[in-house]
């Protein structure tokens, strides 16, 4: 039977290959600051297919780099209309609208994104910026709190503080958020910049003390606010799982972000594992706070510490019912030079310190591990020749490397024992049935 599938002819295939090469070249030119040279290549791709989304997106960025916002908006608008459910397409259009100072239209694009992805930081940034320009900051205090809780960048905190200051109308205000196992925020009265305010905390309705807001933070200056009114404290373990309220101590005014609900210790669910030798992957989420993105803390024996937000989308998490599936994380871990070829990394929930199942994990530096394996094989040969007086184990084969080798050896032996037991069971069953066992 003749197949109904038809391949593109040779000319069409050549055009497709040429278009891909043009896009790659144009991307490189744009990245190196040669937008004018990149534009003809993007136009050539669109001449072949005016609905080619990657070419449209690239043309948008090129026009924006050249300062032609009218053409950039035309391209980004076409991309957004072609892919209305694609966040990247909507945010591309939002960025062009923001650059063109069409704040109302940019706000609408961001609201579409945030309706599906409440923690999209780029959308939150554009939305708050537009709100300040449109004079609608008073309706965006919730979004300012969310951005401050998701990000520790100076720029994001400045944007959040500006929004809250505008919303307060020049009166005193406070901010309290949970971030990386800490309670942090600000408390100030713009009318009395010299006064240090305090933040009063209550846990489960019981007063728990007052924290002075007297720390400096560069976000205040960037937001054109008086500095020296921030606070930061580790979350006490006893507060986990309870409702925490934060108010200005002198007035009782509730801080933005209050009440806070720290997750109970050990209540978060997740897992950590190693892929491709040095890449640590996993997920972390809390069933009672499904829309919240939790922070993962990683630390090795050499003293290296990193914190990452578990906000990567993974289809398998969505299939398992973990909210929207965007609770994954991935970190490429660099083994410290003084740590040999392998490192043991502890992975935990930064908010509670609870270790993730699968932690600690062992990561390896590929080059150093290959050298260590070669040295270990050489040592095994020498030890076999003189078992009563084996040579010293090479330095690079000690520590975490040796533990990992022993661990994997134990797993291999356990697998062999299982296979042997299964073979013996089948042989016994065959004898009982009167059949000779098959080899």
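Every number here is computed from the coordinates shown, using simple stated rules; none is lab data. Quick caveat: nothing in here was measured; it's all calculated off a predicted structure. Cβ: placed from backbone, ideal geometry, glycine included. Neighbour counts: every protein chain shown.
Descending by average beta-carbon neighbour count within 10 Å, the peptides 200-211, 55-66, 138-149, 97-108 line up as 55-66, 138-149, 97-108, 200-211, the highest first.
Arrange the peptides 225-234, 343-352 so that the one whose residues have, on average, the most other Cβ atoms within 10 Å appears first.
Numbers: 225-234: 17.0, 343-352: 22.1.
Averaged packing, sorted descending, gives the order 343-352, 225-234.
For the chain, the alpha carbon convex hull comes to 286 Å³ per residue, rounded to a whole number.
Could you order peptides 326-332, 31-37 by the average number of other Cβ atoms within 10 Å of their residues, highest first? Write down the numbers at each step before the final one.
Numbers: 326-332: 19.0, 31-37: 12.9.
In descending order of packing, they fall as 326-332, 31-37.
Spacing of the modelled spin labels on residue 227 and residue 16, each 7 Å from Cα toward Cβ, amounts to 5.8 nm. Given a Förster radius of 25 Å and the C-beta distance between residue 194 and residue 238 as r, what FRET efficiency does 1/(1 + (r/R0)^6) yield to the nearest 0.05? Calculated transfer efficiency: 0.15. Angle of helix 10-31 to the longest C-alpha principal axis of the chain, folded into 0 to 90 degrees and rounded to 10: 60°. Compared with the dominant principal axis of the Cα atoms in the chain, helix 121-134 is inclined by about 0°.
For the options 47, 291, 135, a Gaussian network treatment of the chain with springs between C-alpha atoms closer than 10 Å singles out 47 as fluctuating the most.
With contributions of -39500 (n - 2.57) from each DSSP H run of at least four residues, the per-residue ellipticity at 222 nm computed over the chain stands at -14500 deg cm²/dmol.
Arrange the following residues from fewest to most other Cβ atoms within 10 Å of their Cβ: 112, 261. Let's see the in-between values first.
On the way: 112 19, 261 15.
Going from least to most buried by this count: 261, 112.
Helix 35-48 and the longest principal axis of the C-alpha atoms of the chain enclose an angle of approximately 70°. Here the simple spin-label model places points 7 Å from the Cα toward Cβ, and for residue 403 and residue 65 these points are separated by 4.8 nm.
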